[in-house]
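**Student:** Sharing a structure, written as structure tokens. Questions coming.
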Amino acid sequence: MQKRLANWGNYPAITSEESAYTQEAQLRSFVAANHGFIARGNGRCYGDASLGKHSLSMLKYDKILSFDTAAGVLETQAGVTLDQILDIIVPKGWFLPVTPGTKFITVGGAVASDVHGKNHHREGAFSGHITEMDVIIGDGTTVTCSPAQHTDLYWATCGGMGLTGVITRVKFGLKKIETAYIKQKQIKARNLEEVIRLFDEYKHYTYSMAWIDCLQKGDSFGRSILIVGEHATKAELNAKQGQAPLQLPSKPRLTVPFNLPSFILNTFTVKAFNWLYYGKNFKKEINNVVPYEPFFYPLDAILHWNRGYGKAGFIQYQFVLSLDQKEGLIAILRRISEKGWGSFLAVLKVFGQQDSLISFPMEGYTLALDFPVRKGLFAFLDELDEIVLQYGGRLYLSKDARMKQEVFWKSYPNAERFAEIVKTYNPGKRFESLQSERLSI
């Protein structure tokens with residue numbers, strides 16, 4: 001069936017032939033008989049990694065296969081979304097080991113992007129919690145892989161953007177919790193130097209991130225709000241929360257019903273938003289206990305919030321630089337401030353160590369920014385790419401929609417080894433996306 005598809009950034013948008021199946025035998029037959037397609041989950045990556053001439057939708061492949069409530073081990077098909085999982089596991093006292101900033105992604109997408117969260121510095125990426133998974137490779141056979149078996153396929157699939165095959169089954173460990181709430185601390189930082197110091201001071205917290213005002217200059221350059229948190233215990237809840245510690249009250253969601261006019265997003269509105277957001281914390285430090293949803297998924301409360309960037313869509317630009325390359329982070333923020341193209345979303349996190357083949361995280365600082373698609377944007381992002389390369393960093397493939405192939409091959413040290421493994425399991429480019437074509441993987 002021909003279908004108009006775009007991922008969460010709404011750029012690019014293409015017409016694709018879409019297929020979907022509910023049985024593994026059907027999936028294997030499809031893989032063996034077709035070329036030039038890519039598996040796709042819920043379309044919540046930002047760029048073109050899950051877009052292709054032919055799309056294999058996994059959303060109907062959505063069964064929970066097993067849940068060991070004593071050991072905290074979950075086994076699911078790849079099309080199950082994290083919000084579906086949370087509805088099942090949280091009332092039983094378990095939580096996801098790693099979660100990105102939206103719960104509307106599939107398990108297969110979490111593996112293909114090797115998602116990270118606010119706890120990477122303590123607990124790594126999603127790949128570090130997988131027991132085993134099944135992947136349908138290029139000849140149509142299903143291979144079970146893990147950190148202990150078929151390790152080349154495993155590590156090339158984690159963060160491999162679907163180029164090794166179709167992920168069908170994933171088994172992974174969960175995290176034990178007492179409540180569905182987070183004990184949260186918010187601290188205002190005057191500038192970038194202070195927030196970096198605060199990250200180090202509060203690195204013992206499981207979860208941490210900072211919102212940055214990327215348009216400030218002078219002494220307020222990089223002013224921020226650091227947010228850290230831990231899963232709350234029953235003793236830390238108030239009386240009302242304690243009545244049902246593992247249940248969250250239902251609440252209505254807002255929605256953006258249509259694409260907003262592009263002129264709404266400008267330097268003035270971004271500055272106004274940043275002033276209000278920074279000013280809402282009227283004290284230096286605020287401590288409270290909040291439901292897990294606004295802590296982990298604040299934007300999920302606004303359905304279709306991506307429409308706020310207009311019909312042309314937006315680019316989410318996320319890079320990582322090692323801890324000893326703070327100057328690169330400063331250089332990029334200065335360039336953004338000078339350009340005046342601020343971002344409503346500017347999120348800074350610290351990654352811990354991670355040994356992997358092609359996954360994005362490495363020990364260092366990662367910054368994610370949203371830019372509406374406009375004249376001159378790609379040339380500006382090319383300038384930022386040069387700074388990232390100069391300081392030894394790389395861009396997140398799951399967010400990428402426009403990186404030039406030389407940037408990818410220069411910035412991912414294991415790119416050639418990854419490409420060799422892809423050829424082994426994906427001969428003749430059976431699995432192919434717009435991104436893999438653009439980057440010549």
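**Student:** What is the extension gain from ALA6 to THR69, computed as 0.36 nm multiplied by their sequence separation minus the C-alpha to C-alpha distance, in nm to one decimal? Don't skip to the answer; put the middle values down first.
**Tutor:** Details: separation 63, 0.36 × 63 = 22.68 nm, distance 3.70 nm.
Extending this stretch completely gives an extra 19.0 nm.
**Student:** At 0.36 nm per residue, minus the direct Cα-Cα distance, what do ARG190 and LYS60 gain on full extension? Give it in nm, one decimal, please. Write out the running numbers ahead of the final one.
**Tutor:** Details: separation 130, 0.36 × 130 = 46.80 nm, distance 4.81 nm.
Here the answer is 42.0 nm.
**Student:** Next question. Could you pull out every residue, at least 5 positions away or on a different chain, whose amide H is within less than 5 Å of the one on ILE315? Hs are placed 1.01 Å off N in the peptide plane, and Pro or chain starts have none.
**Tutor:** Hits under the 5 Å cutoff: PHE371, VAL373.
**Student:** Could you report segment 181-402's accessible area per residue, 1.4 Å probe, as an integer in Å²? Don't skip to the end; give the middle numbers.
**Tutor:** Values: 10110 Å² over 222 residues.
Averaged over the residues of segment 181-402, the accessible area is 46 Å².
**Student:** Another question about this same structure. Could you tell me how far the Cα centroid of segment 74-104 sits from the Cα centroid of segment 1-51, in Å?
**Tutor:** Distance between centres, Cα-based: 22 Å.
**Student:** Along segment 150-158, what does the Karplus equation 6.51 cos²θ - 1.76 cosθ + 1.60 (θ = phi - 60°) give for ³J(HN,Hα), rounded to whole Hz, x for Gly and Pro?
**Tutor:** My calculation for segment 150-158 gives 6, 5, 5, 5, 4, 6, 7, 7, 6 Hz in order.
**Student:** Here's something else I'd like to know. Karplus couplings for segment 427-440 from phi (6.51 cos²θ - 1.76 cosθ + 1.60, θ = phi - 60°), rounded to Hz, Gly and Pro as x?
**Tutor:** x, x, 6, 4, 9, 8, 10, 4, 5, 5, 5, 5, 8, 6
**Student:** Still on this model: Peptides 186-196, 106-116: what's the order by average Cβ count within 10 Å, highest mean first?
**Tutor:** Working: 186-196: 19.0, 106-116: 28.8.
Ranked by mean Cβ neighbours within 10 Å, highest first: 106-116, 186-196.
**Student:** Can I ask one more? Size of the dipole of segment 64-177 about the Cα centre, Lys and Arg at +1 and Asp and Glu at -1 on the beta carbon, nothing else charged, in debye to 20?
**Tutor:** Details: 8 positive and 10 negative charges, 91 e Å.
Here the size comes out at about 440 debye.
**Student:** Given contacts defined as C-alpha pairs under 8 Å and at least six residues apart, what's the relative contact order of segment 1-91, whole-number percent? If you can, show how the numbers build up before the last one.
**Tutor:** On the way: 148 pairs, mean separation 23.3, N = 91.
It comes to 26 percent, rounded to a whole number.
**Student:** Would you work out which of LEU384, ILE441, VAL373 lies farthest towards the positive end of the dipole of segment 370-441, given +1 charges on the beta-carbon of Lys and Arg and -1 on that of Asp and Glu, about the Cα centre?
**Tutor:** Result: ILE441.
**Student:** What does the charge dipole of the chain about its Cα centre add up to, to the nearest 20 debye, if the Cβ of each Lys and Arg holds +1 and the Cβ of each Asp and Glu holds -1? Don't skip to the end; give the middle numbers.
**Tutor:** On the way: 51 positive and 43 negative charges, 272 e Å.
Charge dipole of the chain: 1300 debye, to the nearest 20.
**Student:** Along each of its three principal axes, how wide is the spread of alpha-carbon positions in segment 340-441, in whole angstrom units, largest first?
**Tutor:** Over segment 340-441, Cα extents along the principal axes are 46, 34, 22 Å.
**Student:** Given the -39500 (n - 2.57) contribution per DSSP H run of 4+ residues, what per-residue ellipticity at 222 nm results for the chain, rounded to the nearest 500 deg cm²/dmol?
**Tutor:** Details: 14 runs with 120 residues, N = 441.
Calculated mean residue ellipticity at 222 nm is -7500 deg cm²/dmol.
**Student:** Express in nm, to one decimal, how much length is gained between SER440 and ILE330 on full extension, taking 0.36 nm for each residue of separation and deducting their alpha carbon distance. Please report the intermediate quantities before stating the final value.
**Tutor:** Details: separation 110, 0.36 × 110 = 39.60 nm, distance 3.12 nm.
Additional length available on full extension: 36.5 nm.
**Student:** Can I ask one more? Relative contact order of segment 64-177, please, whole-number percent, based on alpha carbon pairs below 8 angstrom and at least 6 residues apart. Mind showing how you got there, number by number?
**Tutor:** Details: 216 pairs, mean separation 37.5, N = 114.
Relative contact order comes out at 33 percent.
**Student:** Tell me the trypsin sites (Lys or Arg not before Pro) within segment 39-77 that lie in a loop according to DSSP and have at most 16 other beta-carbon atoms within 10 Å. The partial results should precede the final answer.
**Tutor:** Details: sites: ARG40, ARG44, LYS53, LYS60, LYS63; in loops: ARG44, LYS53, LYS60, LYS63.
Here the sparse-neighbourhood loop sites are LYS53, LYS60, LYS63.
**Student:** Also: For segment 291-308, in order, what is each residue's ³J(HN,Hα) by Karplus, 6.51 cos²θ - 1.76 cosθ + 1.60 with θ = phi - 60°, in whole Hz (x at glycine and Pro)?
**Tutor:** x, 5, 4, x, 6, 8, 10, x, 7, 5, 6, 10, 5, 6, 5, 4, 5, x
**Student:** Right, something else. Magnitude of the Cβ-charge dipole of segment 181-402, K/R +1 and D/E -1, about the Cα centre, nearest 20 debye?
**Tutor:** Values: 28 positive and 22 negative charges, 190 e Å.
Using Cβ point charges on Lys, Arg, Asp and Glu, segment 181-402 gives about 920 debye.
**Student:** Find which of VAL170, THR151, ILE85 sits farthest along the positive direction of the dipole of segment 64-177, computed with +1 on the beta-carbon of Lys and Arg, -1 on that of Asp and Glu, about the Cα centre.
**Tutor:** Looking along the dipole axis, the top candidate is ILE85.
**Student:** Using mean Cβ contacts within 10 Å as the protection proxy, how do 359-366, 407-414 order, highest first? If you can, show how the numbers build up before the last one.
**Tutor:** Working: 359-366: 21.9, 407-414: 16.9.
Ranking the peptides 359-366, 407-414 by packing returns 359-366, 407-414.
**Student:** Now, a different point. Within 10 Å, count the other beta carbons around each residue, average over each peptide in 120-129, 372-381, 147-156, and list them highest first. Kindly include the intermediate steps, with their values, before the conclusion.
**Tutor:** Working: 120-129: 21.3, 372-381: 15.0, 147-156: 17.8.
Going by the mean number of other Cβ atoms within 10 Å, highest first, we get 120-129, 147-156, 372-381.
**Student:** Let me ask another. What percent does the relative contact order of the chain come to when contacts are Cα pairs within less than 8 Å and at least six residues apart? Intermediate values should be presented prior to the final figure.
**Tutor:** On the way: 984 pairs, mean separation 85.6, N = 441.
Computed over the chain, the figure is 19 percent.
**Student:** Additional query: In the structure displayed, which of LYS203/LYS280; LYS203/LYS284; LYS103/LYS423; LYS63/LYS311; LYS280/LYS349 lie more than 27 Å apart, Cα to Cα? Please list the in-between numbers first.
**Tutor:** Details: LYS203/LYS280 24 Å; LYS203/LYS284 19 Å; LYS103/LYS423 32 Å; LYS63/LYS311 34 Å; LYS280/LYS349 21 Å.
Among LYS203/LYS280; LYS203/LYS284; LYS103/LYS423; LYS63/LYS311; LYS280/LYS349, the Cα-Cα distance tops 27 Å for LYS103/LYS423; LYS63/LYS311.
The values are calculated or read from the model by the stated rules, or taken from the named source; none is laboratory data. Remember, it's a predicted structure, so these values are computed and weren't measured experimentally. Neighbour counts run over all protein chains shown; Cβ positions are idealised from the backbone, glycine included. What goes into the accessible areas is simple: the full protein's heavy atoms, side chains included, and nothing from ligands, DNA or RNA. Shrake-Rupley method; radii C 1.70, N 1.55, O 1.52, S 1.80 Å.
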